[in-house]
Amino acid sequence: MKYWMMSIIVSLVFTGFGFAHPPTGVEMEFNYETKVLTVFVTHPVNKIDKHFVDKVVVELNDKEIVTQTFRKQKDGEAQEAMYIIVDAKVGDTIAVTGYCNVSGKKKVSLTVEEE
């Protein structure tokens, strides 16, 4: 009986996490002239208010400069955001991390270049 109950509990726990997944990708573009960073965090989901990208963190040269939280995802495909980064110079590194509210994260970076 104990084994049977434990099996059910373990199954329920892992089934709940079976549908959770981290963002599948992060795309970003930095316009040096306007200093605007455009971020697109790909995260396909069915229920945008239950399973979504809940946070985006932006770093400039390994220093966290922006943290934005969300209560739901823009749509069933992705979360989008735009930021003005006035301190970015040629050669600097900008990193963006997108976080899933259930499980996981995805991080990418780019080197600032003049256009």
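Taken as a whole, the structure leaves Val57 outside the set of residues that are touching a helix residue (DSSP H, G or I) at 6+ places or on another chain (Cβ under 9 Å), touching a residue at least 12 places away in the same chain (Cβ under 8 Å) and of a type in the set (A, V, I, L, M, F, W, C). Of the residues making up the stretch 7-42, those that are over 23 Å from the mean Cα position of the chain (by Cα) and at pLDDT 65 or above are Glu33, Thr34.
Gln68 meets the conditions (1) free of Cβ contacts under 8 Å to residues at least 24 places away in the same chain; (2) more than 13 Å from the chain's Cα centre (by Cα); (3) assigned to a strand (DSSP E or B) in every case but one. The failed one is (2). Just give me the residues in the stretch 43-64 being surrounded by fewer than 17 Cβ atoms within 10 Å (Cβ to Cβ), touching an Asp or Glu at 6+ places or on another chain (Cβ under 7 Å) and at pLDDT below 95, in sequence order. Of everything in the stretch 43-64, just one residue is surrounded by fewer than 17 Cβ atoms within 10 Å (Cβ to Cβ), touching an Asp or Glu at 6+ places or on another chain (Cβ under 7 Å) and at pLDDT below 95, namely Pro44.
The values are calculated or read from the model by the stated rules, or taken from the named source; none is laboratory data. The shown structure was predicted, so the numbers you read here are calculated from the model rather than taken from an experiment. Glycine also receives a Cβ, built like all others from the backbone with ideal geometry; neighbour counts cover every protein chain displayed.
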